[in-house]
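Everything on this sheet refers to the single structure shown next.
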Amino acid sequence: MRPPAARERQRSRSAGPGRRILVLKVAVWATGLAPVVWLAAGFFRGTLGVLPAETIILVEGRWTLVFLLATLAVTPVRRLTGWNRAVRIRRLLGLFAFFHACVHFLAYAGIDQLFALGYILEDVRDRRYITAGFAALVLLIPLAVTSTKGWIRRLGRRWLKLHRLVYVSASLGVLHFYWKVRADTFWPLVAALTLAGLFAVRVAHRRRGPKRGGGS
């Protein structure tokens, strides 16, 4: 029988990884909610500038891309570092990407267009950056819906194929951002290069051999 000190050390080692994941999840929640809290406070205080809707749309669009790229980065980080527990925050990152995409769209549709469906559909049809952004949002819907353990079990291997659409959505999101800002393309290009790097890591891994674990 182990002495109490040895048992305590064993429990401490076992709890360590779980504690780190908990801290990481809390950090993701704090980071994910902070922009919305800041924007809501600024909107009601009138500190978002002359065009508050434009500020909300731009900030939320950027955070959508941040969380999308962070979601896609989880598997490369896991493969490069061997820290497999990183996959436990991927779903949370993906859901925050979808959450910010919804806020981004609702700010455009509700504050900017006052939910005028005719004008919104006209924009989706005629303005290429809105077409790309709307398509990116639509592709995220089935990914958010099927992100639960139940759907993963029901879909099996098809779940992995479906969730590869996140790359298409991220690509459309980067294109949407680039076409939207027009002149100041620094951050869209940073996002594009980051996405290209994540694509390159994925392609390199596939060329080395078959996958041994799931992941986007």
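Here, each number is a calculation from the coordinates, and none is a lab measurement. These numbers come from a predicted model, not from an experiment.
Key figures
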quantity	calculated
Value at 222 nm in deg cm²/dmol, rounded to 500, when DSSP H runs of n ≥ 4 in the chain each add -39,500 (n - 2.57)	-27000 deg cm²/dmol
Cα-derived Rg over Rh, computed across the range 51-109 with Rh taken as Kirkwood radius	1.14
Paired Rg and Dmax values of the chain, which use every Cα atom, in angstrom	20.2, 74
For the range 139-200, alpha-carbon Rg relative to the globular expectation (2.2 N^0.38 Å, N residues)	1.39
Axial C-alpha extent at least 20 Å, average Kyte-Doolittle at least -0.5 - helices from the chain (DSSP)	4-45, 52-81, 90-106, 128-145, 165-181, 186-208
Where only alpha carbons of the range 66-186 are counted, the Rg and the Dmax (Å)	16.1, 50
Translational diffusion coefficient (Stokes-Einstein; Kirkwood radius from C-alpha pairs) of the range 101-170 at 4 °C, 1.567 mPa s, in µm²/s	96 µm²/s
